[in-house]
Amino acid sequence: MVTRIKTGNLKPKPRTYISHLPIDDTPSTVAQALKNPLWRSAMADEVTAQLRNHTWDLVPPPLGCNILTNKWVYRTKVHPDGTLDRRRARLVARGFQQVPGLDFGQTYSLVLKPATLRLILGIAVSQAWPLHQIDIANAFLHGELQETVYMQQPPGFVDPDKPNHVCRLRKSIYGLRQAPRTWFHCLAAALTRFGFSVSRTDPSLFIYKSGTVRLYMLVYVDDIVITGNDSALIRRLMEFLHANFALRELGPLSYFLGIEVHRSSTGIILSQRKFILDLLERAKMSQANPISTPATVDLLQQSAAATSPRFSDPALYRSIVGGLQYLSFTRPDLSFAVNLVSQFQQDPTDAHWAAVKRILRYLKGTIHRGLVFSKSSTLHIHGYSDASWASCPKDRKSITGFAVFCGSNLVSWSTRKQKSVARSSTECEYRALATLASEVLWLRSLLHELGQSIPSAPALWCDNLCATFLAHNPVFHNRSKHMEIEFHFVRDQVSKGHLHVHYLPAADQHADVLTKPLPRISFTRFCSKFRLTEPQLAGA
């Protein structure tokens, strides 16, 4: 093969980066924003919403109190196709200036689990339920503050009659450390009045059950998805939320948390096309040549090489890898490669960056690929576990991978390094089986809570005969007794009939692609079992 080095052509390749966003007029300072009528209008809308919501009272500054400063944050929001949606100006308090115990107490706030979202989508598609999407405007402004918090007046909108006064916050505002928590409690209280209950399995899921009526509400901060089998009750819920919050009905689910939802004749397809395009542009790889797999078969050895120099821009590495982690929301084919490059964010090398670039080249050729959810006749849970024994060259820890299906739809998967070194392949496979069992039991509990019937006990498939044998028989000897206490619950669940563990050949192990890099033919065959669409089918 003739390369540029062999021919002596060392000039950089010309690159043309195509922007998928409209002309960016986002201001960087308040002075710039106030000179632009469009952005000044957006700022005025934000202040008007604050005043209408009675977010603060103007008071003289008390002596010795902690007065927070604030800033304006500007963002141009776009549709999935890259066209302009709206300009958003957000007044944000500098929460890092808050004092623990004085300005705030508890701050922990729950977020939706990805597996919960995928499970609910699978149920809705299987039972032909509508999927509605809503957005709560200025959501954090609805939370009532329990603490006394003072803040300066918004820059550019200081009251001319009270220029030296400060804002005593009555309700939460963006940037406060407790803002997400107070908003969630406010929303949960309102939904409880309507008749919803908070899920014990995933507290970001709200469930309404009355007779045969089922309504599910998924909450991710201010983005909400609603589905159920009673359209009239869903309309009543919309009216109830309208009366309590500034609600925006966005119609059928189409774009949620950066995930595009496409409808086909058989169900829906989840993809992150726009996110991939933005990620490629951020890494300056919009014109990169595509490749057929995200990792080379010797990736583990390359990542452990000690001779590679440090990468010159660790911040860029972390930014791109963080984006790849979020992209794994709909792309199980990236799970192993992304998990590996994520382990070196503290001190990446050029070899690690080369691995990241290969993933991006793979994405360039699979931009439209997405996860399919189609109608399934049963909600039977079955999962696949696999492990790659002592595969990490640096510490010889094993890698666990599992994939869980509900009916024909993939709802959960994971790739992770085991926490300690396994002394045998049986031990690492049994640990993977235990991890899968924990996830399957959680999903089974969630289905029961949703009021969905499960036809039979979940099935777990493992390609290691010894691990399968240990799951069915209470036999521990010198080579396996050290596993008894940590993983005995798998055998307990099997003996109670809650789980069934089966053996299958390695050639049919769905989770194999989650534990090791594979050549192109094997990689493509295993990915097809995850029901990922091919690029030419994305518009179906």
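Compared with the direct C-alpha span, the chain from Asn289 to Tyr326 gains 11.0 nm at full extension, assuming 0.36 nm per residue.
Plainly put, the stretch 59-100 has a radius of gyration that is 1.26 times its Kirkwood radius, both from alpha-carbon atoms, as the Rg/Rh ratio.
With all protein chains kept in place, the per residue accessible area of the stretch 162-238 amounts to 39 square angstrom at a probe of 1.4 angstrom.
Treating each Cα of the stretch 208-253 as an identical point scatterer and summing with the Debye formula, the log10 of I(q)/I(0) at q = 0.18, 0.24 Å⁻¹ comes to -0.56, -0.98. Eigenvalues of the alpha-carbon gyration tensor of the stretch 21-73, scaled by 5 and square-rooted, set the equivalent ellipsoid semi-axes at 28, 15, 9 angstrom, largest first. Each part gets one Cα centre, and for the stretch 375-416 versus the stretch 54-77 those centres are 48 Å apart. Distance between the pseudo-spin-label points of Ser197 and Leu316 (7 Å out from Cα toward the beta carbon): 5.3 nm. Here the stretch 411-427 is scanned for amide nitrogen atoms under 17 Å from the site 7 Å beyond the Cα of Ile454 along Cα-to-Cβ, giving 411-413.
In terms of its Cα atoms, the stretch 377-438 spans 45, 18, 14 Å along the principal axes, sorted from long to short. Computed over the Cα atoms of the stretch 265-424, pair by distinct pair, the Kirkwood hydrodynamic radius stands at 17.0 angstrom.
Largest first, the extents of the alpha carbon coordinates of the stretch 134-219 on the three principal axes equal 59, 23, 18 Å.
Extension gain, Ser391 to Leu84: 0.36 nm times the residue separation minus the Cα-Cα distance gives 105.8 nm. Share of carbon and sulfur in the accessible area of the chain stands at 54%, probe radius 1.4 Å. Take every pair of alpha-carbon atoms less than 8 Å apart whose residues are at least six positions apart; their mean separation over the length of the chain yields a relative contact order of 13 percent. For the stretch 345-465, the orientation-averaged shadow of the C-alpha convex hull comes to 10.3 nm² (one quarter of the hull surface). Size estimate for the stretch 21-120 follows the Kirkwood approach: the inverse of mean 1/r over distinct Cα pairs works out to 17.0 Å.
What percent of all Cα-Cα pairs in the stretch 175-309 falls in each 5 Å bin, counting up from 0? P(r) for the stretch 175-309, in whole percents per bin: 2, 7, 12, 15, 14, 12, 9, 8, 8, 7, 4, 2, 1, 0.
Beyond 42 Å, how much of the Cα-Cα pair distribution for the chain remains, as a whole percent? Summing the P(r) of the chain above 42 Å gives 30 percent of all pairs. With the Kirkwood sum run over all distinct C-alpha pairs, the stretch 237-351 has a hydrodynamic radius of 17.2 Å. P(r) of the stretch 59-173 in 5 Å steps, Cα pairs, percent per bin? With 5 Å bins starting at 0, P(r) equals 2, 8, 13, 17, 14, 13, 11, 8, 6, 4, 2, 1, 0.
Against the chain, whose longest principal axis comes from its Cα atoms, helix 37-52 is set at around 80 degrees.
The values are calculated or read from the model by the stated rules, or taken from the named source; none is laboratory data. What you see is a predicted model; the values in this text were computed from it and never measured. So basically every Cβ, Gly included, is an ideal-geometry build from the backbone, and we count neighbours across all protein chains shown. Note: accessible area is taken over every heavy atom of the protein model, side chains too, but ligands, DNA and RNA are not part of it. Shrake-Rupley method; radii C 1.70, N 1.55, O 1.52, S 1.80 Å.
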